[in-house]
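Asks: For reference, the structure I am asking about is given below.
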Amino acid sequence: MNATGARIRARRLDAGMSQRDLAQAVGISPSYLNLIEHDRRRVAGKLVAQIADHLALDPQMLSDGADAALIRQMRGAAAALADRVVEVEQAEDLAMRYPGWSRLIAAQAREVVALDRKVQALSDRLAHDPALATALHGVITAVTAIQSSAAILTGETPLDTDWQARFHRNIGEDADRLARMTAALVACFDGPGGGAGPVPVVSPRAEVERVLDQTGFHRPWLESGGAPEDASDVSPAAAALLHDFDARYAADAAALPLDLIGPAARRLDFDPLRLAAELGRPLPQVMRRLATLPDAPPLGLLDCDAAGVVRLMKTVPGFAVAQDRLCPFWPLFTALGQPGRPVVAQVALPGPPQVRLICHAVAEAAPHPGGPHLPPLIAALMLVRPMNPATVPPDAADPVPAGPGCAICPRPDCPARREPAIRQEL
Amino acid sequence: MARRVLLIEDEPNIIEAISFILTRDGFTVHTHEVGETAMAKVRAQRPDMIILDVMLPGRSGFDILRDLRADPQTATLPVMMLTARGQARDRALAQDLGVDVFMTKPFSNAAICAEVRRLLAEAPRDA
């Protein structure tokens, strides 16, 4: 139903008015109204206003129909629950007859989408926020230990005094730990990235990383000259970031195609410095390619600006860190202090288990587009490769002691500690 | 001879509580705290069943379960997994890997004892 005449007919019938009565009321013949209602005569202006007046309607509702955006939203609401039988073809009719209810349907559909996004964001946070996951795990572990010990103490089987004292002491320790863990858990929601008010929505960067994670950051269609595609299942901000990532990926892939870098990388054991020298390409480009190669050992990537803010992170087993509170001992920050000069360092993360990583980092300074009198934009890239503990030579130099972020780092005497650790060893 | 349970778990107070309740029920309990050496411990101890935590230092319980099922000597060894992560996908992964019982923390002592008794009653001796 798109035409004005059909709308007039529908609304006249809704109002229980005969063609004769309406025609008479607006001073036209019933046969002329009949022609109008079947869209065989055009109708506009004053006559539409008169008819609308007699049908107690806004004239615009007759001439333009219901709000097209509203109808689109109602159809979207129906499509979202495709297993329900909905008279989709009558959406416009419904919107015209009951605009208030129709706006409610559209608003509820928007609300459902927003809630879905929040649930996804929370679920992503649990999966990807190491501080939150550590705090939650600690709370559950402490509760388990307390419950189990308390059940032994209060059970029907008598306990000798030594065992009683032991389980009392354990409960005391666990209760103390539980209190600290609970405070840490609350801090996770109150601190940066948390939010006492609305549920935090996952950042565009996290959305991008989630998409890239699905293929290990490898984008096969860009390897063969394909163009970046617009992602439809992420927010517009994330889609823009993803487009930028893909554009650079395509340029990197064109400069270092898979059949060139793949065999060379395997021959040179994925060493970015030797590869950059042999292939004559910039080190950051080689590092980005290595981190996105298929059939490669796990290689993490951290892209960070001079303010220490992560722009992109690819995590691999052994390399998952609190992204908003990076440890200042990562070689990336050494590289930021000397743009253009690569830094290679072994890093140890606290255990158990002790993790050794070999890190290559380099910073680049891009001139400010506003002119040389303005500061350059400096950013650093770090490629991270977990080492097999069995292959660490016994005479290897002492690694740099870095951490996953103060809140989840158990190093007791670190000079860089900014806040107490959530992780509490018994 | 008492049936032997190997408890692979890294939380000292949970180790103490589970060891206590199972020992009181007549089982012999051995414990191990590190994921990466757990398989060596299993081969050395030859337990009748294993209680396996998911989050372990060095190696995850899922990896250990995968190794257990791949080794003909331990492929049918009863395994109860304990986890603080009760998400459906973890449960599904554990089931795919061949776990016998998947127990979410916090658990009740009675449930642990009942499941250990049930698994060992079903398992042949000298498994």
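Asks: Name the residue, out of A:407, A:165, A:307, whose mean-square fluctuation peaks in a Gaussian network model built on chain A with Cα pairs under 10 Å.
Replies: Top of the fluctuation ranking is A:165.
Asks: According to the Kirkwood expression over distinct Cα-Cα pairs, how big is the hydrodynamic radius of region A:293-340, in Å? Write out the running numbers ahead of the final one.
Replies: On the way: mean 1/r = 0.0843 Å⁻¹.
Averaging 1/r across every pair of different Cα atoms and inverting gives 11.9 Å.
Asks: Ranked by Cβ crowding within 10 angstrom, fewest neighbours first, how are A:163, A:101, A:330 ordered? Before the final figure, lay out the partial values.
Replies: On the way: A:163 15, A:101 12, A:330 26.
Lowest count first: A:101, A:163, A:330.
Asks: If each of residue A:266 and residue A:114 carries a label point 7 Å out from its Cα toward its Cβ, how far apart are those two points in nm?
Replies: Going from the residue A:266 label point to the residue A:114 one covers 5.2 nm.
Asks: Obtain the nm distance between the two label points defined at residue A:161 and residue A:240 by a simple spin-label model: each point lies 7 Å from its Cα along the Cα-to-C-beta direction.
Replies: Each label point is offset 7 Å from its Cα along the Cβ direction, giving 7.3 nm.
Asks: Right, next: Within chain A, what's the longest stretch lacking GluC sites (Glu not before Pro) that sit in DSSP loops with no more than 10 other Cβ atoms inside 10 Å?
Replies: Numbers: sites that count: A:87, A:156, A:425.
For GluC sites (Glu not before Pro) (loop position, at most 10 other Cβ atoms within 10 Å), the longest site-free span of chain A is A:157-424.
Asks: Provide A:17, A:287, B:55, A:382 in ascending order of the number of other Cβ atoms located within 10 Å of each residue's Cβ, fewest first.
Replies: On the way: A:17 15, A:287 26, B:55 19, A:382 29.
Ascending Cβ contact count within 10 Å gives the list A:17, B:55, A:287, A:382.
Asks: Would you list, by chain and number, the aspartates and glutamates whose Cα falls below 12 Å from the Cα of residue B:105, excluding same-chain residues fewer than 8 positions away?
Replies: B:53
Asks: Work out how much length residue A:213 to residue A:3 would gain on full extension: take 0.36 nm times their residue separation and subtract the Cα-Cα distance, in nm to one decimal.
Replies: Details: separation 210, 0.36 × 210 = 75.60 nm, distance 4.97 nm.
Full extension of this stretch gives 70.6 nm more.
Asks: Would you look at the GNM of chain A, springs on alpha carbons closer than 10 Å, and say which of A:227, A:151, A:277 moves the most?
Replies: A:151
Asks: Taking the Cα centre of chain A as the origin, how large is its charge dipole in debye, to the nearest 20, when only Lys and Arg (+1) and Asp and Glu (-1) carry charge on their Cβ atoms? It would help to have the intermediate numbers written out before the result.
Replies: On the way: 42 positive and 48 negative charges, 172 e Å.
Computed about the Cα centre, the dipole is about 820 debye.
Asks: Calculate, in nm to one decimal, what residue A:277 and residue A:251 gain on full extension: separation in residues at 0.36 nm each, minus their alpha carbon distance.
Replies: 7.4 nm
Asks: Please compute the volume of the convex hull spanned by the alpha-carbon atoms of region B:11-127 and report it per residue in Å³.
Replies: On the way: hull volume 11.4 nm³, N = 117.
Per residue, the Cα convex hull of region B:11-127 comes to 97 Å³.
Asks: Between rounded, prolate and oblate, where does region A:68-110 land on the alpha carbon gyration tensor, with a ≥ b ≥ c its root eigenvalues, rounded for a/c under 1.5, else prolate if a/b exceeds b/c?
Replies: Numbers: a/c = 1.80, a/b = 1.30, b/c = 1.39.
Here region A:68-110 falls in the oblate category.
Asks: Before anything else, pin down the relative contact order of chain A: Cα pairs under 8 Å, at least 6 apart, normalised by residue count, whole percent. Intermediate results must be reported in sequence, preceding the final value.
Replies: On the way: 537 pairs, mean separation 43.8, N = 426.
Result for chain A is 10 percent.
Asks: Further, regarding this structure: I want to make sure I understand the PRE zone here: with the label point 7 angstrom from the Cα of residue A:46 toward its beta carbon, which residues in region A:16-30 have backbone N atoms less than 20 Å away?
Replies: Residues A:22-30 fall inside that zone.
Asks: Now a separate question. Largest first and to the nearest Å, give the Cα extent of region B:1-49 along each principal axis.
Replies: Per principal axis, max minus min of the Cα coordinates gives 29, 26, 10 Å.
Asks: So what's Rg/Rh here for region A:4-108, counting alpha carbon atoms and using the Kirkwood radius for Rh? Before the final figure, lay out each step's value.
Replies: Numbers: Rg = 15.3 Å, Rh = 14.6 Å.
Ratio value, two decimals: 1.05.
Asks: Now a separate question. Hey, what's the Kirkwood Rh for region A:129-190 if you take every pair of different alpha carbons, in angstrom?
Replies: Numbers: mean 1/r = 0.0798 Å⁻¹.
This gives a value of 12.5 Å.
Asks: In degrees from 0 to 90, rounded to the nearest 10, what is the angle of the helix A:161-190 Cα long axis to the longest principal axis of chain A?
Replies: Helix A:161-190 and the main axis of chain A meet at about 50 degrees.
Asks: In chain A, once you exclude exposed trypsin sites (Lys or Arg not before Pro) (DSSP loop, at most 11 other Cβ within 10 angstrom), what's the longest stretch remaining? Before the final figure, lay out each step's value.
Replies: Details: sites that count: A:40, A:42, A:84, A:418.
That gives A:85-417 as the longest site-free run.
Asks: Share of Cα-Cα pairs in the protein assembly as shown beyond 44 Å, in percent? Before the final figure, lay out the partial values.
Replies: Details: 62232 of 152628 pairs.
Value for the protein assembly as shown (Cα pairs over 44 Å): 41 percent.
Asks: Subtracting the Cα-Cα distance from 0.36 nm times the residue separation, let me have the gained length for residue A:15 to residue A:153 in nm, one decimal. Numbers along the way, then the final one.
Replies: Details: separation 138, 0.36 × 138 = 49.68 nm, distance 7.64 nm.
That pair, residue A:15 and residue A:153, stretches by 42.0 nm at full extension.
All of the numbers you see were taken from the coordinates with simple rules; none came from a lab. Everything quoted here is computed from the prediction, not taken from an experiment. For neighbour counting, all protein chains shown are included, and Cβ atoms are generated from backbone atoms with ideal geometry for every residue, glycine included.
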